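Right, one structure below, let's go through it.
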Amino acid sequence: MRVLSGIQPSGSLHLGNYFGMMKKMIDYQQHHELFCFIANYHAMTSVPDGKALATGTLEAAANFLALGLDPDKSVFWVQSDVPEVQELTWVLSNFTPMGLLERCHSYKDKVAKGIAPNHGLFAYPVLMAADILLFGGELVPVGKDQKQHLEVARDIAIKFNNEHGEVLVVPEPDIDDEIATIPGLDGQKMSKSYKNTIDLFLEEKALRKQVMRIVTDPTPVEDPKDPDKCNVFQIYRLFLDKQQEQALRQRYLAGGLGYGEVKQELFETVRDFFAPFAQRREELLGDKDQLRAILAEGAQKARGAASKIMRKVRKKTGLAY
Ligand code: AQP
């Protein structure tokens, strides 16, 4: 099975990205064909500064590699190193009814938050469809926030195939119900735009500060507490197995557990979990030429796969003459 997904190089990495998508991708590479890319074209919708985008791209690559993505087992590349994706985006635009894009929540939410809409933001789901369809991605691990965009990609593929025969693979979303939406410090979806994230590679003091900011209710220490309504518990459980989760649940229900105490435990857990990855990340970022070489090799493999599908698309649409 071909598993494909991407991540934007648009700032620091948070637990939502890791548990919502990256961890699953890294686990998949053991038994599946993994295609994974750094979505720098997408990030242009939120990162206008060229230097920040270039730096962020290398950092995003180092993040994924440090966390366990193996470039020898997988195809790992930067989106803009495979320009065919823009060609397919244009082709697919002609199979995308305006209403399909107008209905997208992510676009509507960003506009509602005061972001001045431009065509890049509006057309984002078409580029995302091209990202997937260009490589024949069958399964796409994403957080629940991307579910609708996946449906758009499916609709576009089906429309294209209805016209031209079975050329494009119709992808399936892979959304794990248990971790579909990782909550942030305030209980809303963890997201950079909501400034409610816990970041993966922070220095100790800053990480502790983030964890201590998790919003809790005013229940006194001695009283029993409901773990299912607690933001700290909802984040902590991501690091626990079933037995450990049950034990923590019992401590909540028994009373006597202060939020300060459990936050301190969570802070130490996050710090210790990511410490070995952070070290590897620093090593990778210490040799940027080597990092660029890994990405160049990945781009070559990705272009090989892309050219096969583009040949069919050009033939069917009449672009090849
Ligand atoms: N809170 C989340 N829960 C589950 N999955 C999440 N993802 C992001 N947040 C959560 C998943 O992470 C992958 C990478 O997404 P991205 O590169 O689009 O990251 P993002 O959307 O930039 O993350 P933010 O913080 O939510 O950014 P803004 O605020 O700019 O929209 C995707 O699979 C995504 O589902």
Using alpha carbons only, how many degrees (0 to 90, rounded to 10) separate the axis of helix 50-67 from the longest principal axis of the chain? 70 degrees
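Counting only trypsin sites (Lys or Arg not before Pro) that sit in a DSSP loop (anything but H, G, I, E, B) with at most 16 other Cβ atoms within 10 Å, what is the longest stretch of the chain containing none of them? Working shown, then result.
Values: sites that count: Lys73, Arg103, Lys113, Lys195, Arg213.
With a cap of 16 other Cβ atoms within 10 Å, the longest stretch comes to 214-321.
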Sequence-distant or interchain residues sharing an amide H contact under 5 Å with Gly6, placed H: which? Phe37
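Over the chain, what is the relative contact order in percent, taking alpha-carbon pairs closer than 8 angstrom and at least six residues apart? Present the calculation step by step, with values, prior to reporting the outcome.
On the way: 447 pairs, mean separation 73.0, N = 321.
Contact order relative to length: 23 percent.
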Taking just the alpha carbons, could you work out the radius of gyration and Dmax for region 201-281, both in angstroms? 13.3, 43
With unit charges on the beta carbons (Lys and Arg positive, Asp and Glu negative) and the dipole taken about the Cα centre of the chain, which residue among Gln146, Phe37, Val313 sits farthest to the positive side? Val313
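Going by the alpha-carbon gyration tensor, a ≥ b ≥ c the square roots of its eigenvalues, is region 183-226 rounded (a/c under 1.5) or, if a/c is not under 1.5, prolate (a/b greater than b/c) versus oblate? It would help to have the intermediate numbers written out before the result.
Values: a/c = 3.31, a/b = 1.59, b/c = 2.09.
Verdict is oblate for region 183-226.
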Pull up all non-local amide H partners of Lys189: gap of 5 or more, or a different chain, and H-to-H distance under 5 Å with H placed in the peptide plane. Gly184
Amide hydrogen neighbours beyond the local backbone of Leu13, cut-off 5 Å, H modeled: Leu200, Phe201
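Under a point-charge model restricted to the Cβ atoms of Lys and Arg (+1) and Asp and Glu (-1), what is the dipole moment magnitude of region 227-321 relative to its Cα centre, in debye to the nearest 20?
Computed charge dipole of region 227-321: roughly 1220 debye.
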Looks like region 34-163, by Cα gyration tensor root eigenvalues a ≥ b ≥ c and the a/c under 1.5 rounded cutoff (else prolate when a/b is bigger than b/c, oblate otherwise), is oblate
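Taking the Cα centre as origin and putting +1 on Lys and Arg beta-carbons and -1 on Asp and Glu beta-carbons, what dipole magnitude results for the chain, to the nearest 20 debye? Kindly include the intermediate steps, with their values, before the conclusion.
On the way: 40 positive and 43 negative charges, 166 e Å.
Once rounded to the nearest 20, the dipole reads 800 debye.
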Quick shape check on region 118-157: root eigenvalues a ≥ b ≥ c of the Cα gyration tensor, a/c under 1.5 is rounded, otherwise prolate if a/b tops b/c, else oblate, and it reads oblate
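Where a number appears in this text, it was derived from the coordinates with a stated rule and is not lab data. Nothing here was measured: the structure is a model prediction, and the numbers come from that model. All Cβ positions, glycine included, derive from the backbone under ideal geometry; neighbour counts span all protein chains shown.
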